[in-house]
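Reviewing the structure listed below.
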Amino acid sequence: QVQLEESGGGLMQPGGSLRLSCAPSGRTFSSYTMAWFRQAPGKEREFVAVIRSSDRSTYYADSVKGRFTVSRDNGKTAAYLQMNRLKPEDTAVYYCAFRPSRIITSAVSNEQMYDSWGQGTQVTVSS
(Lines give C-alpha, C1' and ligand atoms only; values in the text may rest on other atoms or scores of the structure.)
Protein backbone atom coordinates (compact mmCIF):
# COMPACT_ATOMS: atom_id res chain seq x y z
CA GLN A 1 0.00 0.00 0.00
CA VAL A 2 1.14 3.52 -0.81
CA GLN A 3 -0.24 6.89 0.18
CA LEU A 4 -2.08 8.63 -2.66
CA GLU A 5 -2.49 12.37 -2.92
CA GLU A 6 -5.67 13.36 -4.67
CA SER A 7 -6.92 16.80 -5.62
CA GLY A 8 -8.90 18.82 -8.14
CA GLY A 9 -12.50 18.46 -7.10
CA GLY A 10 -14.92 21.29 -6.70
CA LEU A 11 -18.15 22.85 -7.82
CA MET A 12 -18.87 23.26 -11.51
CA GLN A 13 -21.90 24.11 -13.57
CA PRO A 14 -23.19 21.64 -16.15
CA GLY A 15 -21.08 21.68 -19.29
CA GLY A 16 -17.99 22.79 -17.43
CA SER A 17 -14.71 21.01 -16.82
CA LEU A 18 -12.60 19.85 -13.91
CA ARG A 19 -9.28 18.06 -13.74
CA LEU A 20 -8.48 15.59 -10.99
CA SER A 21 -4.96 14.57 -10.05
CA CYS A 22 -3.64 11.57 -8.20
CA ALA A 23 -0.10 10.54 -7.34
CA PRO A 24 1.73 8.36 -4.83
CA SER A 25 3.47 10.40 -2.19
CA GLY A 26 7.25 10.47 -2.55
CA ARG A 27 7.57 7.48 -4.84
CA THR A 28 7.62 6.63 -8.50
CA PHE A 29 6.79 3.39 -10.26
CA SER A 30 7.72 2.07 -13.65
CA SER A 31 4.76 -0.24 -13.99
CA TYR A 32 1.39 0.47 -12.47
CA THR A 33 -2.32 0.73 -12.93
CA MET A 34 -4.25 3.74 -11.74
CA ALA A 35 -8.02 3.99 -11.80
CA TRP A 36 -10.80 6.34 -10.82
CA PHE A 37 -13.96 5.33 -9.05
CA ARG A 38 -16.81 7.47 -7.82
CA GLN A 39 -19.60 7.18 -5.31
CA ALA A 40 -22.72 9.30 -5.30
CA PRO A 41 -24.93 9.65 -2.22
CA GLY A 42 -26.97 6.51 -1.73
CA LYS A 43 -25.23 4.75 -4.59
CA GLU A 44 -22.66 2.02 -4.90
CA ARG A 45 -19.13 2.93 -5.78
CA GLU A 46 -18.64 2.61 -9.52
CA PHE A 47 -15.75 2.41 -11.91
CA VAL A 48 -15.03 5.51 -13.97
CA ALA A 49 -11.74 5.18 -15.83
CA VAL A 50 -8.32 3.56 -15.73
CA ILE A 51 -4.89 3.94 -17.26
CA ARG A 52 -2.30 1.20 -17.42
CA SER A 53 1.31 2.31 -17.70
CA SER A 54 2.54 -0.93 -19.24
CA ASP A 55 0.79 -0.35 -22.54
CA ARG A 56 -0.73 3.10 -21.95
CA SER A 57 -4.15 1.63 -22.46
CA THR A 58 -7.22 3.35 -21.09
CA TYR A 59 -10.75 2.19 -20.39
CA TYR A 60 -13.86 4.11 -19.47
CA ALA A 61 -17.28 3.50 -18.08
CA ASP A 62 -20.00 3.98 -20.65
CA SER A 63 -21.41 6.89 -18.69
CA VAL A 64 -18.27 8.98 -19.20
CA LYS A 65 -16.98 7.86 -22.59
CA GLY A 66 -16.30 10.78 -24.86
CA ARG A 67 -16.32 13.26 -21.98
CA PHE A 68 -13.63 12.11 -19.56
CA THR A 69 -10.01 11.45 -20.39
CA VAL A 70 -7.47 9.76 -18.16
CA SER A 71 -3.77 10.38 -18.70
CA ARG A 72 -0.46 9.95 -16.94
CA ASP A 73 2.50 12.18 -16.21
CA ASN A 74 5.55 11.89 -18.43
CA GLY A 75 8.17 11.85 -15.68
CA LYS A 76 6.51 10.58 -12.55
CA THR A 77 3.84 8.25 -11.32
CA ALA A 78 0.77 10.38 -11.57
CA ALA A 79 -2.59 10.23 -13.24
CA TYR A 80 -5.10 12.83 -14.25
CA LEU A 81 -8.76 12.69 -15.00
CA GLN A 82 -9.90 15.44 -17.32
CA MET A 83 -13.63 15.78 -16.92
CA ASN A 84 -15.35 17.70 -19.69
CA ARG A 85 -18.98 18.46 -20.43
CA LEU A 86 -19.89 17.68 -16.88
CA LYS A 87 -23.40 16.61 -16.04
CA PRO A 88 -25.29 16.69 -12.75
CA GLU A 89 -25.14 12.90 -12.80
CA ASP A 90 -21.36 13.17 -12.42
CA THR A 91 -21.78 14.54 -8.90
CA ALA A 92 -19.98 12.18 -6.54
CA VAL A 93 -16.93 11.67 -4.42
CA TYR A 94 -14.15 10.60 -6.74
CA TYR A 95 -11.47 8.21 -5.56
CA CYS A 96 -8.27 7.24 -7.26
CA ALA A 97 -7.01 3.72 -6.85
CA PHE A 98 -3.55 2.32 -7.46
CA ARG A 99 -1.80 -0.97 -7.98
CA PRO A 100 1.98 -1.12 -8.61
CA SER A 101 1.66 -3.64 -11.39
CA ARG A 102 -0.26 -4.40 -14.53
CA ILE A 103 -3.86 -5.52 -14.23
CA ILE A 104 -5.37 -7.60 -16.99
CA THR A 105 -7.97 -5.80 -19.03
CA SER A 106 -10.89 -7.86 -17.80
CA ALA A 107 -10.15 -6.92 -14.18
CA VAL A 108 -9.37 -3.20 -14.30
CA SER A 109 -12.83 -2.24 -13.03
CA ASN A 110 -12.62 -4.57 -10.04
CA GLU A 111 -12.02 -2.65 -6.81
CA GLN A 112 -10.31 -5.63 -5.26
CA MET A 113 -7.46 -5.33 -7.74
CA TYR A 114 -6.22 -2.10 -6.20
CA ASP A 115 -3.89 -1.83 -3.22
CA SER A 116 -4.13 1.85 -2.38
CA TRP A 117 -6.83 4.49 -2.45
CA GLY A 118 -6.92 8.23 -2.34
CA GLN A 119 -8.88 10.13 0.27
CA GLY A 120 -11.56 11.12 -2.21
CA THR A 121 -12.42 14.49 -3.67
CA GLN A 122 -15.91 15.91 -4.02
CA VAL A 123 -17.16 16.84 -7.47
CA THR A 124 -20.44 18.70 -7.56
CA VAL A 125 -22.10 19.61 -10.84
CA SER A 126 -25.00 21.97 -10.42
CA SER A 127 -26.41 25.12 -11.93
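Listed values, structure above:
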| quantity | calculated |
| --- | --- |
| Value of relative contact order over the stretch 67-127, rounded to a whole percent, pairs C-alpha under 8 Å and six or more apart | 35 |
| Relative contact order [Cα under 8 Å, 6+ residues apart], the chain, whole percent | 36 |
| Kirkwood-type radius of the stretch 28-127, with distances r between different C-alpha atoms, in Å | 13.7 |
| Magnitude of the charge dipole, the chain, Cβ model with Lys/Arg +1 and Asp/Glu -1, debye to 20 | 300 |
| Heavy-atom SASA rank of W117, W36 (probe 1.4 Å, accessible area, largest first) | W117, W36 |
| Anisotropy class of the stretch 11-75 from Cα gyration tensor, a/c 1.5 cut | prolate |
| Residue-normalised accessible area of the chain, expressed per residue, 1.4 Å probe, Å² | 51 |
| Bridge type composition, the chain - antiparallel percent by DSSP, nearest 5 | 90 |
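The values are calculated or read from the model by the stated rules, or taken from the named source; none is laboratory data. Small disclaimer: the values here were computed from a predicted structure and weren't measured. Methodologically, a virtual Cβ is constructed for each residue, glycine included, from the backbone with ideal geometry; neighbour enumeration extends over all protein chains shown. Please note that ligands, DNA and RNA were not included when accessible areas were found on the heavy atoms of the full protein model with its side chains. Shrake-Rupley method; radii C 1.70, N 1.55, O 1.52, S 1.80 Å.
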